[in-house]
Amino acid sequence: MNERLWRYDGRRAVVTGCASGIGAHLATQLADLGAHVTGLDLRRPERSPAEFVEVDFADPASIDRAVGAIEGPVDALFNVAGVSSGIGNPLLVVTINFLGMRHFTEALLDRMKPGSAIANVSSLAASNYLANAAVTAGLLATGSMAEGISWCEDNPAALADGGYRLSKEAVILYGMTRALDLGERGIRINCTGPGVTETPILDQLKSAYGQDYLEAFPTLLGHVCGPDEQASVLAFLNSPAASYISGQVIWVDGGSVANKIAEGLEVPR
């Protein structure tokens with residue numbers, strides 16, 4: 001196997017949510033693979049990447065300033081930043097997880113040349129995205145953060161379960177709806193769907209809903225996923241090794257989605 005297919009030498013990678021969890025592990029992995037890493041977060045990480053830019057993904061002005069602070073062309077964009085419904089503010093969850101992410105991504109596209117790639121982070125909580133697509137399409141149809149916030153305010157039922165599921169379903173469908181147009185420009189876009197993973201978001205969920213809530217999600221491989229295991233899949237998706245993968249959601253869930261589908265089949269296992 002050609003090792004260069006996995007390398008990021010001479011490439012600029014932008015990682016949001018670089019201060020903790022999956023984003024922190026990803027920034028380290030990318031640097032080890034030769035990337036020039038620009039990390040973004042609300043606070044500076046303990047281990048700073050080559051460049052750090054402070055950003056608040058709930059604030060379009062902050063996002064625009066962050067975009068302006070990123071130097072040079074962007075070869076690989078990783079949208080990892082996010083919050084859980086455990087923060088108790090559904091509108092803010094959707095604003096940060098989807099609307100801010102979309103605003104940031106669209107603003108960076110002019111910096112991305114053919115051969116570049118985007119990897120977003122969704123969630124196992126969004127595994128029913130097709131069943132809920134008719135509702136999520138309304139959010140996707142908005143053209144700005146302000147319009148998206150207005151849509152959320154006009155459709156409170158869509159956020160009634162905390163906003164997290166809606167935001168992560170929107171992340172998946174956003175990538176799928178942009179894959180053709182971006183592909184014509186030589187840009188790939190994909191996302192991962194992490195299962196239960198040891199990150200600060202997991203701590204938020206434990207605090208908000210208790211341990212019993214988390215135990216409803218199976219760990220079929222015998223352990224809770226580590227953030228490094230999630231990061232390595234993201235690094236693969238934006239590498240030359242994945243050069244013909246676009247518009248996909250990759251479930252990094254230890255087999256949870258597959259198990260759910262299998263349980264609905266009348267086939268002996």
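The values are calculated or read from the model by the stated rules, or taken from the named source; none is laboratory data. Just so it is clear, the model here is predicted, and its values are computed rather than measured. As a convention, Cβ positions derive from the backbone with ideal geometry for all residues, glycine included, and neighbour counts pool all protein chains shown. Heavy atoms of the whole protein, side chains included, go into the accessibility calculation; ligands, DNA and RNA do not. Shrake-Rupley method; radii C 1.70, N 1.55, O 1.52, S 1.80 Å.
Could you check how many residues of segment 175-196 are open to solvent by 10 Å² or more (accessible area, probe 1.4 Å) and either closer than 16 Å to L109 by Cβ or among the hydroxyl-bearing types (S, T, Y) (or both)?
Number of matching residues: 10.
Scan (1) part of a helix (DSSP H, G or I); (2) β-branched (V, I, T); (3) open to solvent by less than 40 Å² (accessible area, probe 1.4 Å) for the single condition V83 breaks and write down its number.
(1)
Return only the number of the condition from (1) surrounded by 17 or more Cβ atoms within 10 Å (Cβ to Cβ); (2) at pLDDT below 95; (3) of a type in the set (A, V, I, L, M) that L221 does not satisfy.
Only one criterion is unmet by L221, namely (1).
If D75 satisfies all but one of (1) crowded, with 16+ Cβ neighbours inside 10 Å; (2) closer than 24 Å to L92 by Cβ; (3) among the acidic types (D, E), what's the number of the condition it fails?
(2)
Could we say that I70 is more than 18 Å from the chain's Cα centre (by Cα) and buried (at least 17 other Cβ atoms within 10 Å of the Cβ) here?
Considered against the rule, which asks whether it is more than 18 Å from the chain's Cα centre (by Cα) and buried (at least 17 other Cβ atoms within 10 Å of the Cβ), I70 comes out as yes.
Take residues that are among the hydrophobic types (A, V, I, L, M, F, W, C), out of contact with any His (no Cβ under 8 Å at 6 or more places or on another chain) and open to solvent by 60 Å² or more (accessible area, probe 1.4 Å) and tell me which of the helices (runs of 4 or more DSSP H) falling wholly in segment 86-164 contain 2 or more.
133-140
For residues that are over 26 Å from S20 (Cα atoms) and out of contact with any strand residue (DSSP E or B) (no Cβ under 9 Å at 6 or more places or on another chain), tally how many sit in segment 242-268.
10
Select from segment 224-247 the residues that are modelled with pLDDT of 95 or more and not in a helix (DSSP H, G or I) and write down the one among them that is surrounded by the most Cβ atoms within 10 Å (Cβ to Cβ).
The extreme case among them is N238.
For segment 1-11, enumerate the residues that are part of a helix (DSSP H, G or I) and out of contact with any Ser or Thr (no Cβ under 8 Å at 6 or more places or on another chain).
Restricting attention to segment 1-11, the residues satisfying the condition of being part of a helix (DSSP H, G or I) are 3-6.
Hits for segment 1-11 are E3, R4.
Return the pairs, sorted by first residue and then second, in which the second residue is open to solvent by 10 Å² or more (accessible area, probe 1.4 Å) and part of a helix (DSSP H, G or I), the first residue lies in segment 143-164 and is within 15 Å of G100 (Cα to Cα) and without any contact (Cβ under 8 Å) to a residue 24 or more places away in the chain, the beta carbons are less than 8 Å apart, and the residues are 6+ apart or on different chains.
W151/G138
Quick check on segment 248-256. Is at least one of its residues over 19 Å from M176 (Cα atoms), surrounded by fewer than 18 Cβ atoms within 10 Å (Cβ to Cβ) and in contact with a helix residue (DSSP H, G or I) (Cβ under 7 Å, 6 or more places away or on another chain)?
Filtering segment 248-256 down to residues over 19 Å from M176 (Cα atoms) leaves 253-256.
Of the ones still in play, those that are also surrounded by fewer than 18 Cβ atoms within 10 Å (Cβ to Cβ) are 255.
Applying the additional criterion that residues be in contact with a helix residue (DSSP H, G or I) (Cβ under 7 Å, 6 or more places away or on another chain) yields none.
No: zero hits.
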